[in-house]
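The values are calculated or read from the model by the stated rules, or taken from the named source; none is laboratory data. In this text, all values refer to a predicted model and were calculated from it rather than measured experimentally. Neighbour counts run over all protein chains shown; Cβ positions are idealised from the backbone, glycine included. Side chains are part of the model used for accessible areas, which takes the heavy atoms of the whole protein and leaves out ligands, DNA and RNA. Shrake-Rupley method; radii C 1.70, N 1.55, O 1.52, S 1.80 Å.
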Amino acid sequence: MEKMALRPIDNALPITPERLKKHVKVVSAPIQKQSEFGVNDENKAPLPPSSTIDYVSSEDLKPVPDPVSMIQGLIEGLDSKDWTEVCESLNNARRFALYHSSLLFPLLEKVMLVVVKAMKNPRSALCKTAIMASSDIFNAFGDQLLDSTDAFDNLLLQLLLKASQDKKFVCEEADRALNVIVKSMTPLPLLNKLKPYVSHANPRVRAKAAIYMSNFVSKMVKLRYTLALL
């Protein structure tokens, strides 16, 4: 009896392009959205630094050469997705606050909202630049900031949070900004602003708020004593 050779089952049918198409799956990789100001999400590793940011002290800032035309592009720069451009625009906002405050005043609410947003950013350079901008804004406008709606309250909360964190150079800058508030604003209205944070959920914020309330009380006592001597 003659034996018949068996072909493997895989070769039972010829492979055609049509059969190949049925087995090929195309998987598209999900596109990751880049967060605002060109940085990763706070829960992910930060992007490697692409450039160096110089921290310019208030004393070294110069007036804007053509302030009237430059003020038009300030908000656009602050709204940029490029974090280095935001840093540059924050420094320009500082220059306006120090030398051209009347031009900046109509935009102050918007500028403070951007400052708060930049403080929340995981890039330390952007966060510190925003805190430095807040100090110059406090020096320039003082009690006028108390008339703003939520912008100043949000700014105050962010400074208390940053002054309570472990990143030393950010913490020290936030403390400096809070001390500028003590020097540049009337104590009693500011005590009312600080009062809610003494019972904040974060114990570090409560501690910082208590410290600065104490500083304001000391300022009030010194002021009364000086007036009594006059």
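Find the residue count for the range 53-72, including only residues that are within 23 Å of residue 148 (Cα to Cα) and open to solvent by 30 Å² or more (accessible area, probe 1.4 Å). Number of matching residues: 1. Which of the residues that make up the range 73-105 are of a type in the set (D, E, K, R), without any contact (Cβ under 8 Å) to a residue 12 or more places away in the chain and open to solvent by less than 90 Å² (accessible area, probe 1.4 Å)? The one that is of a type in the set (D, E, K, R), without any contact (Cβ under 8 Å) to a residue 12 or more places away in the chain and open to solvent by less than 90 Å² (accessible area, probe 1.4 Å): 85. Considering the range 190-202, and only residues there that are without any contact (Cβ under 8 Å) to a residue 12 or more places away in the chain and open to solvent by 80 Å² or more (accessible area, probe 1.4 Å), the residue that is nearest to residue 216 (Cα to Cα) turns out to be 192.
Which ones in the range 118-145 are open to solvent by 10 Å² or more (accessible area, probe 1.4 Å), farther than 13 Å from residue 90 by Cβ, out of contact with any Ser or Thr (no Cβ under 8 Å at 6 or more places or on another chain) and part of a helix (DSSP H, G or I)? Residues satisfying the conditions are 124, 144. Screening the range 148-222 for helices (runs of 4 or more DSSP H) wholly inside it with 1 or more residues that are more than 16 Å from the chain's Cα centre (by Cα) returns the ranges 168-184, 187-194.
Say we look at the range 146-156 and pick out the residues that are modelled with pLDDT of 90 or more and surrounded by fewer than 19 Cβ atoms within 10 Å (Cβ to Cβ); which of these is farthest from residue 204 (Cα to Cα)? This residue is 151.
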